[in-house]
Amino acid sequence: MSPTEMYDPLRGMICLRDSMMSLWGANAMRMGMMAPPPPGPPPPGPPPHAAAPPTPAFPVDVLELPDKLIVKASLPEAKREDIEITVLGDTLTIRADLRPTARDPNETWVVRERRAGVVSRPIQLPIAVKAEGATASYSQGVLVVKLPKKDEVQAKRIPVGAEPAV
């Protein structure tokens with residue numbers, strides 16, 4: 001299980017049940033150890049015990065302009081000094097330390113989905129970029145990274161001139 005995947009305590013039990021069913025087959029149903037599957041076609045979609053796709057640590061948008069890439073990442077409640085950005089080849093990695101919010105002892109969480117701790121996400125860039133000219137800004141929970149394209153991947157216009165007839 002990856003660090004970004006939600007933990008499902010029943011997933012292992014359902015996989016175990018399916019394994020036992022395939023091992024014992026019809027004998028298990030005759031002995032009353034397992035209920036038969038419901039009649040009719042199976043419901044559409046993945047089986048209920050299938051692993052959900054892992055949820056990314058935080059959402060990102062990547063925008064390509066003629067001269068640069070712009071990457072926007074949602075990092076609510078991160079502090080500017082706790083964000084680290086690196087570029088290696090065609091991979092941009094954003095890492096942040098999200099601090100837990102202070103909690104009043106009289107409060108009780110009903111739902112808590114926003115995570116605290118260190119989050120990291122590698123982003124495969126579609127083109128080569130110049131790390132030296134990159135800039136980053138962080139405001140209102142959104143990190144914006146601007147990465148200029150390498151010269152060899154930028155389109156160059158070649159003017160067509162008049163040539164004397166031969």
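The values are calculated or read from the model by the stated rules, or taken from the named source; none is laboratory data. Just so it is clear, the model here is predicted, and its values are computed rather than measured. Ideal geometry is used to build each Cβ from the backbone, glycine not excepted, and the neighbour counts take in all protein chains shown. Only protein heavy atoms, including side chains, enter the accessible area calculation; ligands, DNA and RNA are left aside. Shrake-Rupley method; radii C 1.70, N 1.55, O 1.52, S 1.80 Å.
Couple of notes before you dig in:
- Within this structure, residue 122 fails the test of being more than 15 Å from residue 86 (Cβ to Cβ), of a type outside the set (Gly, Ala, Ser) and outside any helix (DSSP H, G or I).
- All positions within region 116-127 that are open to solvent by 70 Å² or more (accessible area, probe 1.4 Å) and free of Cβ contacts under 8 Å to residues at least 40 places away in the same chain: 118, 122, 124
- Wholly enclosed strands (runs of 3 or more DSSP E) of region 56-111 bearing at least 3 residues touching a residue at least 60 places away in the same chain (Cβ under 8 Å) and either closer than 23 Å to residue 131 by Cβ or not aromatic (Phe, Trp, Tyr) (or both): 60-64, 68-74, 83-88
- Among the residues of region 128-162, the one identified as among the aliphatic types (A, V, I, L, M), in a loop (DSSP other than H, G, I, E, B) and in contact with a strand residue (DSSP E or B) (Cβ under 6 Å, 6 or more places away or on another chain) is 134.
- Residue that is most open to solvent (accessible area, probe 1.4 Å), among those in region 141-162 that are more than 29 Å from residue 85 (Cα to Cα) and at pLDDT 75 or above: 157
- With respect to the conditions (1) within 30 Å of residue 66 (Cα to Cα); (2) without any contact (Cβ under 8 Å) to a residue 24 or more places away in the chain; (3) loosely packed, with under 13 Cβ neighbours inside 10 Å, residue 130 lacks only one, and its number is (3).
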